[in-house]
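Working notes, beginning with the structure itself.
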Amino acid sequence: MNIILLGPPGAGKGTQAERLVAGRGMVQLSTGDMLRAARRADTPLGHQVAAVMDSGALVSDEIVSALIDDKLATMAADQGAIFDGYPRTAAQAESLDTILSSHDRKLDRVIELEVDEDALVARIVGRFSCAKCGTNYHDTFHRPKVDGVCDMCGSTEFKRRPDDNEETVRTRMAEYRAKTAPIIPIYEARGILSRVDGMGDIDHVSATIAGILDAK
């Protein structure tokens, strides 16, 4: 199966994609990861990506489409793809259809992880991790058993991501609504869109997604 995971930053797309990779042997096609890998690669496309990123410009749809096309060409026919971070616009949605068709594939399901903005802000802003071993914690939902001491390694040093602040999160939410949400009606009209409560327990979200994919 070939699926798209939709949802704003922090909705849990990455976590659910990892579970689908581990449980079903699917391949996660994250445009962010692919751009970083291409930038490091000594290939004509990699050099093009590096030049654009170094200039501070946005990577064009054509380059992103080429990366996805190249990746699909390396995958086995029975491997499903998870598109994470692509498509973001109606033009990219159209390009994806063309790319999939060129590889004798089709888009089977689009899953939107729905979130409550205020709750999502609280989820993201409260995140922190052990600076030594990377164990994740949260101010409200998962504090260390002993305050200020990592449960796993005993370190007393913690860190937070600089972009885990309310202003940044709300800006990213607004960008998602403005740029990505308009593609949702396209897939809804095709009858392949499913909505899942992304604020639920991770295992429950995984089980709901599994039920959607197995019913297809």
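The values are calculated or read from the model by the stated rules, or taken from the named source; none is laboratory data. In this text, all values refer to a predicted model and were calculated from it rather than measured experimentally. Neighbour counts run over all protein chains shown; Cβ positions are idealised from the backbone, glycine included. Side chains included, ligands, DNA and RNA excluded: accessible areas come from the protein's heavy atoms. Shrake-Rupley method; radii C 1.70, N 1.55, O 1.52, S 1.80 Å.
Things worth noting here:
- Shown in residue order for segment 105-115 are the 3J(HN,Hα) couplings computed by the Karplus curve 6.51 cos²θ - 1.76 cosθ + 1.60 at θ = phi - 60°: 10, 9, 7, 8, 7, 10, 10, 9, 8, 7, 9 Hz (x for Gly and Pro).
- C-alpha center-to-center spacing [segment 1-35, segment 165-216] in angstrom: 12 Å
- This structure gives Cα extents along the principal axes in Å, computed directly, and of [x] 48, 40, 29; [y] 55, 43, 33; [z] 53, 51, 31 that value is listed as [y].
- Surface composition of the chain: carbon plus sulfur atoms hold 51% of the accessible area, using a 1.4 angstrom probe and ignoring ligands, DNA and RNA.
- Once the Cβ-Cβ distance of V146 and E117 is raised to the sixth power relative to R0 = 35 Å, the FRET efficiency obtained is 0.60.
- Karplus-derived 3J(HN,Hα), 6.51/-1.76/1.60, for each residue of segment 11-20, Hz, glycine and proline x: 6, x, 4, x, 4, 5, 5, 4, 5, 5
- Averaging the sequence gap over all C-alpha pairs within less than 8 Å and six or more residues apart, then dividing by the number of residues, gives segment 81-140 a relative contact order of 15 percent.
- J(HN,Hα) series, segment 79-95, from Karplus relation 6.51 cos²θ - 1.76 cosθ + 1.60, nearest Hz, glycine and proline x: 8, x, 10, 10, 8, 10, x, 7, x, 10, 9, 4, 5, 5, 4, 5, 5
- Cβ charges +1 (Lys, Arg) and -1 (Asp, Glu), total dipole of the chain, debye: 280 debye
- Taking 0.36 nm per residue of separation and subtracting the current Cα-Cα distance, fully stretching the chain between D201 and T156 would add 13.4 nm.
- Accessible area per residue for segment 64-163 is 54 Å², calculated with a 1.4 Å probe on protein heavy atoms, without ligands, DNA or RNA.
- Electrostatic bookkeeping for G198 treats Lys and Arg as +1 and Asp and Glu as -1; over the other residues with beta carbon under 12 Å from its beta carbon, the sum is -3.
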